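One structure is given below, encoded as structure tokens.
The values are calculated or read from the model by the stated rules, or taken from the named source; none is laboratory data. Since the structure is predicted, the reported quantities are computational estimates derived from the model, not experimental observations. Glycine also receives a Cβ, built like all others from the backbone with ideal geometry; neighbour counts cover every protein chain displayed.
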Amino acid sequence: MAFEVKKIDPLDLQPRKAIGITLPFSGDAVFNSSYQSKEAVKTNLINFFLTSQGERFMNPTFGNSLQTLLFEQLTEDKVAQIDSTVRRDLGVYFPKVVVRQVGIDASPDTNTVTFFLVYTIKDTNIDDEVVINFEQ
């Protein structure tokens with residue numbers, strides 16, 4: 001009988017050691033700590049998608065062009081371009097993240113776009129999604 005071996009990140013084995021911070025910055029001491037790698041990866045992905053290329057000092061290639069792409073005319077070609085851009089950028093900065101689905105839901109009446117990403121992390125049993133609402 002076959003079974004799947006559950007792989008646990010070594011950082012998750014030390015439950016009292018913080019490995020990152022969470023968003024938004026609204027904790028009692030400004031920052032809330034994250035103690036699980038699943039939460040840390042999700043926060044890092046949100047930070048990545050909210051950072052434009054050239055915005056980060058001393059690391060101008062970090063970030064993506066998602067915000068500029070989302071607020072152009074959304075056509076099937078533009079959605080395909082966003083999908084390929086997200087997959088390419090995540091392959092560079094987050095090689096352990098496997099993209100399962102990239103989606104966009106536009107609401108032109110309220111001038112908002114909802115971006116969502118469903119992903120898994122290689123060599124673990126972590127499945128999660130990121131949902132970001134952009135308003136302009």
Of the residues in region 121-135 that are surrounded by fewer than 15 Cβ atoms within 10 Å (Cβ to Cβ) and modelled with pLDDT of 85 or more, the one that is farthest from THR75 (Cα to Cα) is LYS122
When you check GLN73 against the structure, is it assigned to a loop (DSSP other than H, G, I, E, B) and loosely packed, with under 12 Cβ neighbours inside 10 Å, yes or no? yes
Need pairs with beta-carbon distance below 8 Å; first residue surrounded by 15 or more Cβ atoms within 10 Å (Cβ to Cβ) and within region 55-68, second basic (Lys, Arg) and not in a loop (DSSP other than H, G, I, E, B); sequence gap 6+ or separate chains. none
The one condition in (1) closer than 22 Å to PRO24 by Cβ; (2) touching an Asp or Glu at 6+ places or on another chain (Cβ under 6 Å) that VAL102 fails to fulfil: (1)
Taking region 97-120 and keeping only residues that are loosely packed, with under 14 Cβ neighbours inside 10 Å and over 18 Å from GLU135 (Cβ atoms), one is left with ARG100, GLN101
For PHE25: the one exception among (1) of a type in the set (Phe, Trp, Tyr); (2) touching a strand residue (DSSP E or B) at 6+ places or on another chain (Cβ under 8 Å); (3) not in a helix (DSSP H, G or I): (2)
Have a look at ASP128, ASP89 and point out the one that is free of Cβ contacts under 8 Å to residues at least 60 places away in the same chain and among the acidic types (Asp, Glu). ASP89
